[in-house]
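Before any comments, here is the structure.
The values are calculated or read from the model by the stated rules, or taken from the named source; none is laboratory data. No experiment lies behind these values; they were computed from the predicted model shown. Positions of Cβ are generated from backbone atoms using ideal geometry, with glycine treated the same way; all protein chains shown enter the neighbour counts. Just so you know, the surface numbers come from the protein's heavy atoms only, side chains and all, with ligands and any DNA or RNA stripped out. Shrake-Rupley method; radii C 1.70, N 1.55, O 1.52, S 1.80 Å.
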Amino acid sequence: VAKPIEPERLFAVLAKRIVTKGSSRSSRRSAKIKAPPQGQKDGEDLPANVPGIDIQEGLKRVGGNQRIYRKLLATFLATKSDAVREVEMVLNAGDTDTAERLAHGIKGVAGNISAKGVHKLAQDLEAVIKSGDRPKIEKAMKRLAPELNTVIGSLQAIFEGVES
């Protein structure tokens with residue numbers, strides 16, 4: 001199961017792979033594994049439509065727990081606001097390994113919060129950093145920056161005046 005984790009898919013794969021007591025590997029019986037129930041609402045509701053983020057999908061990733069999801073969103077806002085500039089700085093210093101790790105981190109966290117556009121563009125950036133083609137890297141960063149800014153702006157609007 002690839003990241004970002006989709007709970008329903010994870011539990012379906014686990015159910016197929018787990019050998020139940022009394023069965024052999026050659027005669028597997030599906031284990032009875034169910035996804036945990038969706039979390040209860042806990043605190044302020046998140047807006048239904050947030051530019052750049054699929055809130056409903058993001059909530060599914062955390063079992064519907066708004067408190068945990070809000071924490072992921074706040075962490076993204078706090079740590080990824082200047083992510084493109086950080087990648088650019090380390091690339092200018094000649095550190096492609098760190099630039100690649102930063103792009104990978106953007107991709108991973110964006111996937112976890114279901115910021116699909118940022119996830120895809122960060123994945124593209126990570127790939128072109130690996131290639132070392134500087135003009136393509138610049139182009140990928142220019143595509144990522146506005147999408148990331150949209151997500152950051154959305155998160156700022158959500159957390160405006162809210163202590164996290």
- Task: Could you please tell me which pairs satisfy a Cβ distance under 6 Å, a separation of 6+ or placement on different chains, a first residue in the range 140-153 that is among the basic types (Lys, Arg), and a second residue that is open to solvent by less than 60 Å² (accessible area, probe 1.4 Å)?
- Result: 143/121
- Item | Test result for residue 83, without any contact (Cβ under 8 Å) to a residue 12 or more places away in the chain and closer than 28 Å to residue 137 by Cα | no
- Task: From the list 72, 102, 14, 91, pick out the single residue that is in a helix (DSSP H, G or I) and modelled with pLDDT under 85.
- Result: 14
- Task: Check residue 114 against each of (1) at pLDDT 95 or above; (2) polar (S, T, N, Q); (3) closer than 15 Å to residue 79 by Cα; (4) touching a Pro at 6+ places or on another chain (Cβ under 8 Å) and name the one condition it does not meet.
- Result: (3)
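At pLDDT 55 or above, part of a loop (DSSP other than H, G, I, E, B) and within 15 Å of the chain's Cα centre (by Cα) - does that describe any residue in the range 26-44?
No, the range 26-44 has no match at all.
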- Message: Taking the criterion of being in contact (Cβ under 8 Å) with a residue 40 or more places away in the chain and open to solvent by less than 30 Å² (accessible area, probe 1.4 Å), would at least one residue in the range 95-102 satisfy it?
- Response: no
- Those residues of the range 108-164 that are buried (at least 21 other Cβ atoms within 10 Å of the Cβ) and either basic (Lys, Arg) or not in a helix (DSSP H, G or I) (or both) come to a total of 2
